[in-house]
1. Given the C-alpha centroids of segment 1-35 and segment 59-103, what is the distance between them in whole angstrom?
2. Where does the chain land at 222 nm, in deg cm²/dmol rounded to the nearest 500, when only DSSP H runs of n ≥ 4 count, each adding -39500 (n - 2.57), divided by all residues?
3. Need one number: convex hull volume per residue for segment 14-135, Cα atoms only, in Å³.
4. What part of the accessible area of the chain, given as a whole %, is carbon or sulfur when the probe is 1.4 angstrom?
5. Accessible area per residue of segment 11-135 at 1.4 Å probe, in Å²?
6. Mind checking segment 31-135 for trypsin sites (Lys or Arg not before Pro) that DSSP puts in a loop (not H, G, I, E or B) and that have at most 15 other Cβ atoms within 10 Å?
Amino acid sequence: MSLPSVNLLAVLVAGFSSLVVGFVYYSGPLLQNPWLEEIGRTVEEAAQVPPTHFLLSFLLALVEAYVLAVLIATMGSTSVVAGIVSGLLVWAGFVAPTSGANALFGGRTLRLWLIQNGNHLITLVVMGVILALWQ
């Protein structure tokens, strides 16, 4: 089986959307304070994140977007609804269970899991829509 061709520009944009979603999601007006409380950091400590973390997060998002693009192309999904469903399925089938097990064994709270996985869910849905519409 060969992989279907995917639109690499769409993959790049979908990967970048992950950063945009994260910046908005974890911003001050939204979930910054509850998230920082759960991870035991202050705003000042969070601001000390090395720039390489953002670069690596972007590269990981590109991998995620590419794989999602391959899945969407394989399924022949080309609508907003198909993109949303694709993102939801990947999240529900792979991200949520794996991160749930990691949270259980890592002693993380349900609140932290919900906060972090809300970001993953929104990111995958946004990526799914971009990738389904822009093949």
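1. About 12 Å separates the Cα centre of segment 1-35 from the one of segment 59-103.
2. Calculated from helices alone, the mean residue ellipticity at 222 nm is -24500 deg cm²/dmol.
3. Taking only Cα atoms, segment 14-135 has a hull volume of 104 Å³ per residue.
4. 72 percent
5. Normalised by residue count, the accessible surface of segment 11-135 is 58 Å².
6. Counting only loop positions with at most 15 other Cβ atoms within 10 Å, the trypsin sites (Lys or Arg not before Pro) in segment 31-135 are ARG41.
The values are calculated or read from the model by the stated rules, or taken from the named source; none is laboratory data. As the structure is a computational prediction, the values presented were derived from the model and not from experiment. Cβ coordinates were reconstructed from backbone atoms using ideal geometry, including for glycine residues, and neighbour counts include every protein chain displayed. The accessibility values were calculated without ligands, DNA or RNA, using every heavy atom of the protein model including side chains. Shrake-Rupley method; radii C 1.70, N 1.55, O 1.52, S 1.80 Å.
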